[in-house]
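Have a look at the structure below before the remarks.
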Amino acid sequence: MEEQHGIPLFWIGIGIFSILGLTLYFIGIHGITHYIDYVLLIISSIILLRFLYKLIIKRQVTVDLLMGIAGIVTWYIDAIMEGFLIFTLYSLSEMIEHYAERYAMKKLTGLIELLPSKVRKLVDNKVEEVDLDRVDMGDAILIVRGEVVPMDGVLLEEGTFDTSYITGEPYPFNLKRGDYVESGYINIGKVVRIRVLKRPSDSMLQLLVRKAEKALESKASIQRFIERFSNPYTFIVLILFSLALLFVEPYRALAIQLD
């Protein structure tokens with residue numbers, strides 16, 4: 001079971017079965033408790049099979065190896081609750097990371113979609129629809145109800161704006177003539193005029209988009225580094241775990257692997 005539409009189905013499934021195993025373990029229903037041990041063993045085996053699949057087919061060494069071994073060891077030493085708890089917490093962390101990334105991408109997409117390609121420019125008291133790059137500092141532009149302010153500027157008459165994309169505030173703001181407005185504000189009132197003070201590339205909305213893209217690129221580069229680092233890391237931890245088994249019992253050796 002692999003990811004579908006970006007959803008980590010594998011770890012969702014592992015998390016569900018782990019929570020079910022924990023629940024049955026604590027309830028302790030007669031006739032079922034005896035078989036919970038084998039549920040942990042089966043889950044651990046599936047994780048190890050997934051590791052072998054990625055190793056053979058995709059030439060990837062993943063933390064599935066460490067997680068699978070952790071499950072096998074906890075099953076072997078009869079630490080069933082701890083085994084299910086390990087899988088539950090790891091599954092939860094995988095899902096939180098996944099949905100945090102999806103939320104960030106959704107916000108970035110929303111910001112990009114806000115950027116208009118054309119704007120209503122006032123020329124000799126006439127309205128002309130022009131490309132965004134044809135608007136200069138000092139020009140007056142017209143923003144109708146429901147439109148996004150494309151460039152930072154100053155209001156030429158009072159208006160009401162939704163500023164949630166920029167400020168995070170959930171309620172609208174009433175701004176007066178002469179107040180500063182930032183790109184990304186949404187006009188939810190009457191038609192207003194704005195005197196442009198900054199070029200599109202220097203305005204707030206464009207800056208936010210560039211920062212968000214840079215942050216996601218940084219996350220991607222860190223992710224690539226972690227993937228490269230995970231190969232030797234996995235083997236180092238496995239070697240340390242094996243050495244620890246020679247001197248201490250499996251339960252204590254397991255602490256090295258899970259740190």
**OP:** Go through the range 38-49 and give me each residue that's surrounded by 17 or more Cβ atoms within 10 Å (Cβ to Cβ) and either among the acidic types (Asp, Glu) or farther than 24 Å from Val61 by Cβ (or both).
**Re:** Val39
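Results for (1) in contact with a Leu (Cβ under 8 Å, 6 or more places away or on another chain); (2) modelled with pLDDT of 85 or more, shown as yes or no for each residue.
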position	(1), (2)
Leu9	no, no
Gln60	no, no
Ile69	yes, no
Ile72	yes, yes
Original post:
For the range 154-210, how many residues are at pLDDT 85 or above, in a loop (DSSP other than H, G, I, E, B) and among the acidic types (Asp, Glu)?
Top reply: 4
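List the helices (runs of 4 or more DSSP H) inside the range 14-133, counting only whole elements, that have at least 3 residues being touching a residue at least 60 places away in the same chain (Cβ under 8 Å) and under 30 Å from Lys214 (Cβ atoms).
In the range 14-133, the matching helices (runs of 4 or more DSSP H) lie at 80-114.
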Original post:
Among the listed residues Val192, Val119, which satisfies the condition of being crowded, with 19+ Cβ neighbours inside 10 Å and under 20 Å from Leu207 (Cα atoms)?
Top reply: Val119
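The values are calculated or read from the model by the stated rules, or taken from the named source; none is laboratory data. Here the structure is a predicted model, which means the values were calculated and not measured. So basically every Cβ, Gly included, is an ideal-geometry build from the backbone, and we count neighbours across all protein chains shown.
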